[in-house]
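Reviewing the structure listed below.
What follows draws every value from the coordinates through simple rules; no lab data is involved. A quick note: this is a predicted structure, and the numbers were derived from the prediction, not measured.
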Amino acid sequence: MRIIIAAIAGGLIVFVWSAVAHIVTPLGTMGISSLPDAMLPSVGGVPASGMYFFPGMDMTHRPTAEERKAFEAKLAGGPSGLLIIKKSGGEGMTPKTLGSELASNIIAALIAAILVSFMVGAWLKRAFAVALFGLFGVVSLLVSYWIWYGFPGTYVAGELITEVVGWFLAGLAIAKIVRPPFTAIVPATR
């Protein structure tokens, strides 16, 4: 039961901290720019919702050496990038999107609470471990996006700060609620 309570508390803390970070501080907008409205008609001409690389390359077959060389030339000549397009339009901050975000934060906090339940150590040490989970997520995912897809470094840095601080705050609560496992003291042998 403590793990469930810790998951809810930790998820709520991350949710609230993320809202503060994105609304009150510049962390939520670091590295993000808006596409000019004049470009929307050309972007809207894509066939379906999805993730699009540009310049384009047929990804249904292995490119020949000539196709690869032509693609590399287009890539080097720029511009290049990645677009996520929703043909039917998107949603802003609706109760559905906020609820989905909160649910994902609680599920992540549940994973952290389960792992903390296996940890032996002081409260602050276990809270710090939860902060490292946030850092792990950023390094394993967003740093790869920075390397491969050109995500702005400032965006990655803003998300790194948001995640590490959020998960450290959540870790303080999770580590307080979830007690370390009982470990028997074993006498030293000679």
Pop out the ³J(HN,Hα) list for region 97-112 in order, Karplus 6.51 cos²θ - 1.76 cosθ + 1.60 with θ = phi - 60°, rounded to Hz; leave Gly and Pro as x. 5, 5, x, 5, 5, 4, 4, 5, 5, 5, 5, 4, 5, 5, 4, 4
Just Ile23, Ile161, Ile114 to compare: in a GNM of the chain, with alpha carbon springs under 10 Å, which one fluctuates most? Ile23
Once amide H atoms are placed 1.01 Å from N in the peptide plane, what residues at a sequence separation of 5 or more from Met119, or on another chain, have their amide H within under 5 Å of its amide H? none
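What share of Cα pairs, in percent, lie more than 19 angstrom apart in region 107-190?
On the way: 1644 of 3486 pairs.
For region 107-190, the fraction of Cα-Cα distances above 19 Å is 47 percent.
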Just the Cα atoms of region 1-112, one point each, no solvent: what log10 I(q)/I(0) does Debye give at q = 0.23, 0.24 Å⁻¹? -1.26, -1.31
In whole Å, what are the Cα extents of region 45-96 along the three principal axes, biggest one first? 49, 23, 18
Post the alpha-carbon centroid distance, region 132-186 to region 1-73, in whole angstrom. 19
Helix-derived [θ] at 222 nm for the chain: sum -39500 (n - 2.57) over DSSP H runs of at least 4, divide by residue count, nearest 500? -19000 deg cm²/dmol
Compute a Gaussian network model of the chain, connecting alpha carbons closer than 10 Å, and tell me which residue from Ile84, Ile147, Ile107 fluctuates the most. Ile84
Can you give the Rg to Rh ratio of the chain, both from alpha-carbon atoms, with Rh computed by the Kirkwood formula? 1.11
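From the C-alpha coordinates alone, can you work out the Kirkwood hydrodynamic radius of region 102-141, in Å? Could the numbers behind the result be given before it?
Numbers: mean 1/r = 0.0935 Å⁻¹.
Evaluated over region 102-141, this radius sits at 10.7 Å.
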If I take every Cα pair under 8 Å that is 6 or more residues apart in the chain, average their sequence separation and divide by the length, what percent do I get for the relative contact order? 39
Rg over Rh, two decimals, region 72-153 (C-alpha only, Kirkwood Rh): 1.14
